[in-house]
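Bear in mind that the values in this text are calculations on the coordinates, not laboratory data. Just so it is clear, the structure is predicted and the values come from calculations on it, not from any experiment. All Cβ positions, even for glycine, are placed from backbone atoms using ideal geometry, and neighbour counts span all protein chains on display.
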Amino acid sequence: MGFRINTNVAALNAKANSDLNAKSLDQSLARLSSGLRINSAADDASGMAIADSLRSQANTLGQAISNGNDALGILQTADKAMDEQLKILDTIKTKATQAAQDGQSLKTRTMLQADINRLMEELDNIANTTSFNGKQLLSGSFTNQEFQIGSSSNQTVKASIGATQSSKIGVTRFETGSQSFSSGVVGLTIKNYNGIEDFKFQDVVISTSVGTGLGALAEEINKNADKTGVRASFDVKTTGAHAIKEGTTSQDFAINGVTIGKVSYQDGDKNGSLVSAINAVKDTTGVQASQDENGRLVLTSADGRGIKITGDIGVGSGILATQKENYGRLSLVKNDGRDINISGTNLSAVGMGAADLISQTSVSLRESKGQIDANTADAMGFNSYAGGGKQIVKGFSTVSAYMSSGNGFSAGSGFSAGSGKNMSTMLQNSLVFIKDDMSGASGYYNISAGSGFSSGSGQSQFATLKISAGNSAGATSKTSGVTTLKGAMAVMDIAETAINNLDQIRADIGSVQNQITSTINNITVTQVNVKSAESQIRDVDFASESANYSKANILAQSGSYAMAQANASQQNVLRLLQ
């Protein structure tokens, strides 16, 4: 081998290798101390770019998970608030049910209504104050709200929470037909009951026989209420035009084909002879008699069959000639506020024919606690008669025409002016005369108080009764809420609708909660996998890297030894110079 002094190639090689080993050692120490395989772009340029993209995705997914949890918090806040509102509605319905029996007095019903008013106030308070981070949740403004729950823009979940104030829930549809005066076979169909199909009920006979009439029709409707959403009730009642006056029935006097015979009765039916005679056969006729607070005779069909009087019940009973055949009024209720679209055959027999005046309205929960206007009251079926309790006399446009028709009120009957039994005293605005054509409001006349009602009375003594759209003639306003039996039953229906409304809103946000939860679960798994992929690229494998470190460390030490030996080999030149 050659001996050189100026250039120690062996030492230089040892130094070069030592530099490389030192660099490897530094890199291993950096990786072991940081836990990262890539500490700079130079470590793995393409790997770093991929890892940075994965890290960004993982961080975005982490925030998306937080957004989803915020959304769950919002929806759960609303859900718990509505749960409390449902408890309030349950209490309202319970109190309405408590009021829906005539064992309650006006005083106790008024107290129940006061409780219901307070409960409605609290229900509205919850709706108006429930918020999350200053955002109102139940006021109706939280609609179509978006939550970003993905790593890319527009990967959102949308949520809406309906309004839950008493003015926005419980909207219930009420429809009540006109008074029915005719019998027959009725075929009733509810159009588009589910938005697509029609529902046809079994044909029902409207008559005075057992198992027929509006009661049978209501039973047919109610047994299918789970499909159609429509329930029915009926009111078959005949009320005299005035307090009972002394009189006598004829020998052939009968109700629903059952002969009652001759009965003499006193003013006000003091000894109860008329009422008792009718009630003696009520189990056969299905018709029960009573007197109202004004002393008028009231005939009621409990099972909904018609009431048909034949023979002569007597003028003093207050039952007019046009009242002798009565099949009542049918009321329909739907718990979603939508119109009840009906069609069929012979609907005039249930007061819902093309020419009949059908009272109809939709009422929210809040509206049920205020004064119930005339149209709403009539649509709910408050009035026993089309006309808000006034007797409807068809076919006569004037009193004179009616009085000369052989009904017992003509001149010489004892009921003319000055007789002491003046008709103005007896009837007191209780009649409504309707022309045959019924084509306009001008055909409706209401008897003015103070009129003599004598034969030949002119139309000038009568005031035209205006008819508003959808409102039965003479309907009257009613007191609020559960202060009446009909009102209590109506509040029960409205509260049930409100409960259904809230349940629907809760179900909707419950579905969104489930959707968000599933999305959170999915992106959590995605985030884990993305972080795992990033870790494979960016993080150091300590087992492998510790082996590299040991190798580099040993090589560094051996390089130092080799360099020392290479420097020491130059000492051999001195031996040549000795």
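Taking the charge dipole of the stretch 1-141 about its Cα centre, with +1 at Lys and Arg Cβ atoms and -1 at Asp and Glu Cβ atoms, the residue from 54, 113, 97 reaching farthest to the positive side is 54. Across the stretch 14-169, the relative contact order, built from alpha-carbon pairs under 8 Å that are at least six residues apart, equals 20 percent. Taking amide H as placed 1.01 Å from N in the peptide plane, residue 337 has its amide H under 5 Å from the amide H of 173, each at least 5 places away in sequence or on another chain.
Sorting 262, 531 by the number of Cβ atoms found within 10 Å of their own Cβ, with the fewest placed first, yields 262, 531.
Converting phi to 3J(HN,Hα) with the Karplus coefficients 6.51, -1.76 and 1.60 and the offset θ = phi - 60°, the stretch 330-336 yields 9, 10, 10, 10, 10, 8, 9 Hz in sequence order, with x at every glycine or proline.
Couplings 3J(HN,Hα) of the stretch 147-157, computed from phi: 10, 6, 10, x, 7, 10, 4, 6, 8, 10, 10 Hz, in residue order, whole Hz [Karplus 6.51 cos²θ - 1.76 cosθ + 1.60, θ = phi - 60°; x for Gly and Pro]. Among 142, 542, the order by Cβ neighbours within 10 angstrom, fewest to most, reads 542, 142. Separation of the stretch 501-576 from the stretch 1-74 is 9 Å, based on Cα centroids. Look at 265, 193 and count the other Cβ atoms within 10 Å of each Cβ; fewest to most, that gives 193, 265. In terms of its alpha-carbon gyration tensor, the stretch 110-255 comes out oblate; a/c meets the 1.5 threshold, while b/c is at least as large as a/b.
Size estimate for the stretch 93-147 follows the Kirkwood approach: the inverse of mean 1/r over distinct Cα pairs works out to 13.7 Å. Sparse packing (at most 15 other Cβ atoms within 10 Å of the Cβ) combined with a DSSP loop state is found for the following trypsin sites (Lys or Arg not before Pro) in the stretch 311-386: 338. Checking every one of the GluC sites (Glu not before Pro) in the stretch 184-227 against DSSP loop status and a limit of 15 other Cβ atoms within 10 Å picks out 197. The string of couplings for the stretch 5-14 from the Karplus curve (6.51, -1.76, 1.60, θ = phi - 60°) is 10, 5, 10, 8, 4, 4, 5, 5, 4, 5 Hz, one whole number per residue in order, with x for Gly and Pro. Give the distance, in whole Å, between the Cα centre of the stretch 93-109 and the Cα centre of the stretch 315-340. Cα centroid to Cα centroid, the span is 24 Å. Our summary gives the stretch 217-302 a relative contact order of 27 percent, counting only alpha carbon pairs under 8 angstrom and 6 or more residues apart. Near the amide H of residue 325, within less than 5 Å, lie the amide hydrogens of 309, all on another chain or at least 5 residues away, with H placed in the peptide plane. Under 5 Å from the amide H of residue 330 lie the amide H atoms of 177, each residue being 5 or more positions distant or on a separate chain, with H modelled from the backbone and absent for Pro and chain starts.
Charging the Cβ of each Asp and Glu at -1 and of each Lys and Arg at +1, and nothing else, the dipole of the stretch 481-578 about its Cα centre rounds to 640 debye. For the cross-link pairs 245/308; 191/223; 200/486, the ones whose C-alpha atoms lie over 24 Å apart are 200/486. Computed from point charges on the beta carbon alone (+1 for Lys and Arg, -1 for Asp and Glu), the dipole magnitude for the stretch 1-46 about its Cα centre is near 160 Debye.
Among 221, 195, 184, whose Cα sits farthest toward the positive end of the charge dipole of the stretch 117-232 (+1 at Cβ of Lys/Arg, -1 at Cβ of Asp/Glu, about the Cα centre)? After comparing all options, I get 195.
Taking packing as the residue-averaged number of other Cβ atoms within 10 angstrom, the listed peptides 547-559, 68-80, 301-313 run from highest to lowest as 301-313, 68-80, 547-559. Full extension of the chain segment joining residue 122 with residue 279 gains 51.7 nm, where the gain is 0.36 nm per residue of separation less the Cα-Cα distance. Think of the stretch 1-126 as a dipole: +1 on every Lys or Arg Cβ, -1 on every Asp or Glu Cβ, centred on the Cα centre; then among 40, 28, 88, 28 lies furthest on the positive end.
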